[in-house]
1. Quick test for you: out of Thr67, Thr101, pick the one residue that is of a type in the set (Ser, Thr, Tyr) and either surrounded by fewer than 17 Cβ atoms within 10 Å (Cβ to Cβ) or farther than 30 Å from Gly16 by Cα (or both).
2. Mind checking which residues of segment 57-75 are part of a helix (DSSP H, G or I), out of contact with any Phe, Trp or Tyr (no Cβ under 6 Å at 6 or more places or on another chain) and of a type outside the set (Ser, Thr, Tyr)?
3. Out of Phe61, Phe33, Phe19, report the one residue that is out of contact with any Asp or Glu (no Cβ under 8 Å at 6 or more places or on another chain), touching a residue at least 40 places away in the same chain (Cβ under 8 Å) and surrounded by fewer than 19 Cβ atoms within 10 Å (Cβ to Cβ).
4. Go through segment 54-81 and count every residue that is under 25 Å from the mean Cα position of the chain (by Cα) and among the hydrophobic types (A, V, I, L, M, F, W, C).
5. Is there a residue being touching a residue at least 60 places away in the same chain (Cβ under 8 Å), surrounded by 14 or more Cβ atoms within 10 Å (Cβ to Cβ) and under 19 Å from Ala138 (Cα atoms) anywhere in segment 3-12?
6. Yes or no: segment 11-18 includes at least one residue that is in a helix (DSSP H, G or I) and either among the small types (Gly, Ala, Ser) or touching a Leu at 6+ places or on another chain (Cβ under 9 Å) (or both).
7. Checking Ala78 against (1) in contact with a Phe, Trp or Tyr (Cβ under 9 Å, 6 or more places away or on another chain); (2) in a loop (DSSP other than H, G, I, E, B); (3) among the hydrophobic types (A, V, I, L, M, F, W, C); (4) surrounded by 16 or more Cβ atoms within 10 Å (Cβ to Cβ): exactly one of these is not met. Which one?
8. What are the pairs with Cβ atoms under 7 angstrom where one residue, in segment 108-133, is more than 14 Å from Phe33 (Cα to Cα) and touching a residue at least 24 places away in the same chain (Cβ under 8 Å) and the other, located anywhere, is among the basic types (Lys, Arg) and in a helix (DSSP H, G or I)? Sequence gap at least six, or different chains.
Amino acid sequence: MSVPVSAPPLDWPHYGIGFVDAVKRAFKKYATFTGRASRGEFWWWFLANAIIGTVLYLLMFGLGLATATERGQVIGPAGWPFAILLLLWALAVIVPNIAVTVRRLHDAGYSGWFYLFTLVGLGIVTLVLCVLETSPNAARYGPPYPNHPQGYGPGNAYGQQQPPGWDPGQQGTGPLP
């Protein structure tokens, strides 16, 4: 009989998270720069922002171009509400974007300071680091490594019974597999 999988506490990474839950979790951890974020948490959030930003941009540009009255005018009257919405969205998600990226870098075993690559035009470096799997070094940034017998994650799904001899007082301090 399988045990139902429940979400881990907010200060733990959530491996196997879905799209809607990842977006909700990013907003719940709006300005949390400590801890870790699973690849799913990061990439679902990234996809949600890409979709919303693209839709708002296309509406702004398409409707703005269609209602442009002067030659050379790029955004006509119908595009301005979407331009404002796009700006508001960008401002609303700047902090959670940075926070979830820093937490993802932690889960990959890197310092959150690697986010600064994006500020100097090397954002691709940050994205490549965010693609990497969870590192055994990630334990220094939060709860135990996910495949650790005492931790949560793919090797020990949330809610499953812990292995024999598991001591909750020793959580995260044992050797890695």
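Coordinate-derived values only; no laboratory data. Here the structure is a predicted model, which is why all the values come from computation and not from measurement. As a convention, Cβ positions derive from the backbone with ideal geometry for all residues, glycine included, and neighbour counts pool all protein chains shown.
1. Answer to the check: Thr67.
2. Leu58, Phe61, Gly62, Leu63, Gly64, Leu65, Ala66
3. Result: Phe33 is the single residue among Phe61, Phe33, Phe19 that is out of contact with any Asp or Glu (no Cβ under 8 Å at 6 or more places or on another chain), touching a residue at least 40 places away in the same chain (Cβ under 8 Å) and surrounded by fewer than 19 Cβ atoms within 10 Å (Cβ to Cβ).
4. Filtering segment 54-81 for residues under 25 Å from the mean Cα position of the chain (by Cα) gives 54-58.
Pick out the ones that are also among the hydrophobic types (A, V, I, L, M, F, W, C) and you get 55-56, 58.
Residues in segment 54-81 being under 25 Å from the mean Cα position of the chain (by Cα) and among the hydrophobic types (A, V, I, L, M, F, W, C): 3 in total.
5. Looking for residues that are touching a residue at least 60 places away in the same chain (Cβ under 8 Å), surrounded by 14 or more Cβ atoms within 10 Å (Cβ to Cβ) and under 19 Å from Ala138 (Cα atoms), one finds at least one in segment 3-12, hence yes.
6. no
7. Going through (1) in contact with a Phe, Trp or Tyr (Cβ under 9 Å, 6 or more places away or on another chain); (2) in a loop (DSSP other than H, G, I, E, B); (3) among the hydrophobic types (A, V, I, L, M, F, W, C); (4) surrounded by 16 or more Cβ atoms within 10 Å (Cβ to Cβ) one by one, Ala78 breaks only (1).
8. That search, which allows pairs on different chains as well, returns Cys130/Arg104.
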